[in-house]
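The values are calculated or read from the model by the stated rules, or taken from the named source; none is laboratory data. Since we're looking at a predicted model, the values are computed, not measured. Backbone-built Cβ (ideal geometry, glycine too); neighbour counts: all protein chains shown.
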Amino acid sequence: MTALRLGDDIDDYCIKCKRVTNHSILAIIEGEPAKVRCRSCYNEGPYRRCVVPPSKRELQKAALMKQLLEQAPAAAPPAPEPKAAKSPAPEAAKKPAKKAARKKKS
């Protein structure tokens, strides 16, 4: 790519047009455009590298989410479940005894 010069056309986001348009370079600092002018509306501004700035609504949402996360209590880690020893033999022994007791009653 050739070096950029004053007056060259580059694409950049225009805050007035609210879209990416052709811009003319007005100032160059250290080999990169510093100031540009929109060729559609002639608005002058800093070179934004085609990055769309966040809207006010997006900034408000981000601030509100940050505030909510700071106010929320810290979640406690889940407690491990205790391991209980299962003994199927006593349960099996109880059931036949009950059945035998029922047979005797009837």
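From Pro54, Pro78, which residue is at pLDDT below 90, more than 16 Å from Ile10 (Cβ to Cβ) and either loosely packed, with under 10 Cβ neighbours inside 10 Å or basic (Lys, Arg) (or both)?
After applying the criteria, what remains is Pro78.
Part of a strand (DSSP E or B), surrounded by fewer than 10 Cβ atoms within 10 Å (Cβ to Cβ) and β-branched (Val, Ile, Thr) - does that describe any residue in the range 17-31?
There is at least one residue in the range 17-31 that is part of a strand (DSSP E or B), surrounded by fewer than 10 Cβ atoms within 10 Å (Cβ to Cβ) and β-branched (Val, Ile, Thr).
Pairs under 7 Å by beta carbon, first residue in contact (Cβ under 8 Å) with a residue 12 or more places away in the chain in the range 1-18, partner part of a strand (DSSP E or B) and of a type in the set (Gly, Ala, Ser), six or more apart or different chains?
Gly7/Ser24; Asp9/Ser24; Ile15/Gly45
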